[in-house]
Amino acid sequence: MSRICDVCGKSIMHGNKVSNAYNHTKRTWRPNLHKVRVVAGGTTRTIKVCTQCIRSDFVEKKVRIPKEARIEVQQREKKLIAALQGQQF
């Protein structure tokens, strides 16, 4: 499993852990990756994205809307369209 952000390409960094006695031991820093469902090109995909890209709105998350809320939104849209059609410009 690769540990690379699919948006910005951020990956594992290597370096040294330095103790109080100034001893150096090898260590790695891993990016904070999350699997996110994303709308890309009209389709839904699951990609690995770092938290910085999520916070910066580089991806458009796929949000699942409950059925009741979806019905309420559709009813509101219908009322708005009917009201706009009834008005004269």
Point to revise | Links that overshoot a 32 Å alpha carbon limit, given the list Lys17/Lys62; Lys48/Lys78; Lys26/Lys48; Lys10/Lys67 | key: Lys17/Lys62; Lys48/Lys78; Lys10/Lys67
**Study point:** Per-residue SASA entry for Asp6, accessible area with 1.4 Å probe, Å² rounded to 10
**Key:** 90
Check your understanding: If you stretched the chain out fully between Val73 and Ile47, how much longer would it get, using 0.36 nm times the residue separation minus the C-alpha to C-alpha distance?
Key -> 6.5 nm
Revision key, fill the gap. Sorted on mean Cβ neighbours within 10 Å (highest first), peptides 46-54, 27-35, 77-85 come out as 46-54, 27-35, 77-85
Point to revise | Calculated FRET efficiency for the pair His24/Lys61, C-beta based, R₀ 35 Å, to 0.05 | key: 0.30
Revision key, fill the gap. For the chain, dividing by residue count, accessible area per residue (probe 1.4 Å) in Å² works out to 89
Review point. Ignoring any ligand, DNA or RNA, what whole percent of the accessible area of the chain comes from carbon and sulfur when the probe is 1.4 angstrom?
Key: 51
Point to revise | Structure-derived P(r) over Cα pairs in 10 Å bins from 0, in percent: which label, when the choices are (i) 14, 24, 21, 18, 11, 6, 4, 2, 0; (ii) 17, 54, 25, 3; (iii) 16, 52, 29, 3 | key: (i)
Review point. Dipole of the chain (Lys/Arg Cβ +1, Asp/Glu Cβ -1, origin at the Cα centre): which of Ser2, Val49, Gly86 lies farthest to the positive side?
Key: Ser2
Check your understanding: Can you give the calculated 222 nm mean residue ellipticity of the chain, where each DSSP H run of n ≥ 4 adds -39,500 (n - 2.57) and the sum is split over every residue, rounded to the nearest 500 deg cm²/dmol?
Key -> -9000 deg cm²/dmol
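The values are calculated or read from the model by the stated rules, or taken from the named source; none is laboratory data. All values derive from a computational prediction rather than experimental measurement. We place every Cβ from the backbone using ideal geometry, glycine too, and count neighbours over all the protein chains shown. Surface accessibility is based on the protein's heavy atoms, side chains included, excluding ligands, DNA and RNA. Shrake-Rupley method; radii C 1.70, N 1.55, O 1.52, S 1.80 Å.
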